[in-house]
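The values are calculated or read from the model by the stated rules, or taken from the named source; none is laboratory data. Computed from a predicted model, the values in this text were never measured in an experiment. So basically every Cβ, Gly included, is an ideal-geometry build from the backbone, and we count neighbours across all protein chains shown.
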Amino acid sequence: MKELLRINGLKKYFPITSGILSRVSNYVKAVDGIDLAIGRGETVGLVGESGCGKTTLGKTIIKLHEPTGGEIIFEERDITNLSTSGMRPVRKRMQIVFQDPYGSLNPRMKVEDIVSEGLVIHGVSSNAERREAVRETMRTVGLREDALARYPHEFSGGQRQRIAIARAIALRPDFIVCDEPISALDVSVQAQIINLFIELQERFGLTYLFISHDLRVVKHISDRVAVMYLGKIIELAASRELYENPLHPYTKILISSVPVADPTRKREAAVLKGDVPSPIDPPGGCAFHPRCPIAVEKCSREEPALRDAGGGHMVACHLV
């Protein structure tokens, strides 16, 4: 599979200021040195507890946040330090679908203006061609053309997310960050939106970074799954391999907590001890060691590297 995107040692730190002079006293280490490659047409799922840095990673990759360190390589081009004008042609090819379909759409704009906004900004096509492109995009996401003259408040949550997806694909991008795109939707609608993402990927050859806390959804849609904890990726493997053979203690606990749709199967879910440490002052050594049920003395002293445990199954744990 040809590589579309690679990040090397990517970091995003948010400064904490204090005092009258607002001096920087510390940093929130939201993304702390991540390496990840994504192939063209691939879906990489990203899972982890709330606050682990998943959304920040997605936004930093497409440079909605400027990275603190590391590299972002998109189609063999380093875009890490591109200026706003230098990023303009790249932005056409990197889009995002946000979590909240109620907050991500401008309530004062008609749907036609929302979907065509990117086309206007990038000077794509004439007015007539642009209108036809918008109509075609609406049909593609399963909405009728008469929706174009209406406002976001006139639609349900699922329909609003379809509008957000239409806005994202209107420029025919190569890469889309899906930031928990179904978590705010009713369960009955979630499957429809997931199937829409799959259909669009097959039709347009899209590449996804699919961020979610729902491990069942991630298993269904992803080719590979990355597990994130406190700003770092601690395990990465093919979807089926990760769910059938989790190696990191944190991943094992996450997967054991997924409900099983079979009342005859009994399974004891492991429980995570304690709270997620602060990303302002993360623990030394392995960040998970204060909560790990099998931690040894070495875990508090040395940070484990993300290494291949066999067959491309990457894990950061001294005890694997």
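Can you work out which of the residues in segment 140-158 that are in contact (Cβ under 8 Å) with a residue 40 or more places away in the chain and more than 22 Å from Phe197 (Cβ to Cβ) is surrounded by the fewest Cβ atoms within 10 Å (Cβ to Cβ)?
His153
Which condition breaks for Cys178 when tested against (1) surrounded by fewer than 19 Cβ atoms within 10 Å (Cβ to Cβ); (2) not in a helix (DSSP H, G or I)?
Cys178 satisfies every listed condition except (1).
Can you find, within segment 208-219, the residue that is nearest to the chain's Cα centre (by Cα) among those that are farther than 29 Å from Asp281 by Cβ and surrounded by fewer than 20 Cβ atoms within 10 Å (Cβ to Cβ)? Walk me through it before giving the result.
So in segment 208-219, the residues farther than 29 Å from Asp281 by Cβ come out as 208, 210, 214, 216-219.
Narrowing further to those that are surrounded by fewer than 20 Cβ atoms within 10 Å (Cβ to Cβ): 214, 216, 219.
Values: Asp214: 12, Arg216: 15, Lys219: 14 Å.
In this case the residue turns out to be Asp214.
Among the residues of segment 100-122, which ones are buried (at least 19 other Cβ atoms within 10 Å of the Cβ) and under 17 Å from Gly157 (Cα atoms)?
Of everything in segment 100-122, those that are buried (at least 19 other Cβ atoms within 10 Å of the Cβ) and under 17 Å from Gly157 (Cα atoms) turn out to be Pro101, Ser104, Leu105, Val111, Ile114, Val115.
Testing Glu302 on (1) out of contact with any strand residue (DSSP E or B) (no Cβ under 9 Å at 6 or more places or on another chain); (2) under 18 Å from Gly33 (Cα atoms); (3) modelled with pLDDT under 90, one condition comes back false. Which one is that?
Only one criterion in (1) out of contact with any strand residue (DSSP E or B) (no Cβ under 9 Å at 6 or more places or on another chain); (2) under 18 Å from Gly33 (Cα atoms); (3) modelled with pLDDT under 90 is unmet by Glu302, namely (3).
Only one of these is at pLDDT below 95 and surrounded by fewer than 16 Cβ atoms within 10 Å (Cβ to Cβ): Arg267, Arg203. Name it.
Working: Arg203 fails: at pLDDT below 95.
That would be Arg267, the only listed residue that is at pLDDT below 95 and surrounded by fewer than 16 Cβ atoms within 10 Å (Cβ to Cβ).
Just need a number here: residues in segment 36-58 that are more than 18 Å from Arg77 (Cβ to Cβ) and either surrounded by fewer than 20 Cβ atoms within 10 Å (Cβ to Cβ) or not charged (D, E, K, R) (or both). Outline the logic, then answer.
Initial filter on segment 36-58 (more than 18 Å from Arg77 (Cβ to Cβ)): 41-58.
Okay, now just the ones that are also either surrounded by fewer than 20 Cβ atoms within 10 Å (Cβ to Cβ) or not charged (D, E, K, R) (or both), so 41, 43-53, 55-58.
Residues in segment 36-58 being more than 18 Å from Arg77 (Cβ to Cβ) and either surrounded by fewer than 20 Cβ atoms within 10 Å (Cβ to Cβ) or not charged (D, E, K, R) (or both): 16 in total.
May I ask you to verify whether Ile73 is β-branched (Val, Ile, Thr) and surrounded by fewer than 18 Cβ atoms within 10 Å (Cβ to Cβ)? Full working, then the answer.
On the way: β-branched (Val, Ile, Thr): yes; surrounded by fewer than 18 Cβ atoms within 10 Å (Cβ to Cβ): yes.
So Ile73 fits the description; yes.
(1) in a loop (DSSP other than H, G, I, E, B); (2) buried (at least 18 other Cβ atoms within 10 Å of the Cβ); (3) under 19 Å from the mean Cα position of the chain (by Cα): which one isn't true of Ala168, the others all being true?
So the condition that Ala168 fails would be (1).
So Val47 clears everything in (1) without any contact (Cβ under 8 Å) to a residue 60 or more places away in the chain; (2) of a type outside the set (Lys, Arg); (3) in contact with a Lys or Arg (Cβ under 8 Å, 6 or more places away or on another chain) except one condition, right? Which one?
So Val47 meets the others, but not (1).
Is there any pair linking a residue in segment 94-113 that is touching a residue at least 24 places away in the same chain (Cβ under 8 Å) and assigned to a helix (DSSP H, G or I) to one that is of a type in the set (S, T, N, Q) and surrounded by 15 or more Cβ atoms within 10 Å (Cβ to Cβ), with Cβ under 7 Å and at least six apart or on different chains, and which?
Listed by first residue and then by second, the contacts come to nothing, as the list is empty.
List every residue pair whose Cβ atoms sit under 9 Å apart, with the two residues 6 or more apart in sequence or on different chains, where the first one lies in segment 14-38 and is farther than 28 Å from Ile62 by Cα and the second, anywhere, is in a strand (DSSP E or B) and not basic (Lys, Arg).
Ser18/Val24; Ser18/Ser25; Ser18/Asn26; Gly19/Ser25; Arg23/Thr17
Within segment 220-242, take every residue that is surrounded by fewer than 18 Cβ atoms within 10 Å (Cβ to Cβ) and in a helix (DSSP H, G or I) and give me the one that is nearest to the chain's Cα centre (by Cα).
Here the residue is His220.
With the checklist (1) outside any helix (DSSP H, G or I); (2) out of contact with any strand residue (DSSP E or B) (no Cβ under 9 Å at 6 or more places or on another chain); (3) exposed (fewer than 15 other Cβ atoms within 10 Å of the Cβ) in hand, flag the one item Arg88 doesn't pass.
(1)
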